[in-house]
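First up is the structure itself, then whatever we jot down about it.
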Amino acid sequence: SILHTMKSSIIRFISNLDKFGRKLPSKQGKYYIPSITVDALNIKDNKVLVIRRKNDPFQGKFALPGGFIDYNEDPIDACKRELLEETGL
């Protein structure tokens, strides 16, 4: 029916908008382009907190805890989230 077609079009249109009503950028895989990352630098008693990477690239190597910023996520919040996800701190 025409009503069903209109409803489908509206849902499709709304799903392409962010929480501010702006059109979402394109994705590559599950990440939006551009993909922006953050790293947490945690220093205590002149020691730097590092993690050992679980995945490629550089699997098994030391790195700062960090990861991708979610779309429309504040970078500071992303840094705190990644630090918690990767270290429990």
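The values are calculated or read from the model by the stated rules, or taken from the named source; none is laboratory data. Every value quoted in this text rests on a predicted model; they were computed, and no experiment measured them. Note that each Cβ is placed from the backbone with ideal geometry, even for glycine, and that neighbours are counted across all protein chains shown. Side chains included, ligands, DNA and RNA excluded: accessible areas come from the protein's heavy atoms. Shrake-Rupley method; radii C 1.70, N 1.55, O 1.52, S 1.80 Å.
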Worksheet item: Is one or more of the residues making up the range 22-34 modelled with pLDDT of 95 or more and within 17 Å of the chain's Cα centre (by Cα)?
Response: no
Worksheet item: Tell me, which residue of the range 63-89 that is part of a strand (DSSP E or B) and out of contact with any helix residue (DSSP H, G or I) (no Cβ under 7 Å at 6 or more places or on another chain) is least open to solvent (accessible area, probe 1.4 Å)?
Response: A63
Fill in: Within the range 24-44, tally of residues that are assigned to a loop (DSSP other than H, G, I, E, B), closer than 17 Å to F62 by Cα and either in contact with a Cys (Cβ under 6 Å, 6 or more places away or on another chain) or open to solvent by less than 60 Å² (accessible area, probe 1.4 Å) (or both)
2
Item to complete: Run K47 past the list (1) basic (K, R); (2) modelled with pLDDT under 95; (3) more than 18 Å from the chain's Cα centre (by Cα) and report the number of the one that doesn't hold.
Response: (2)
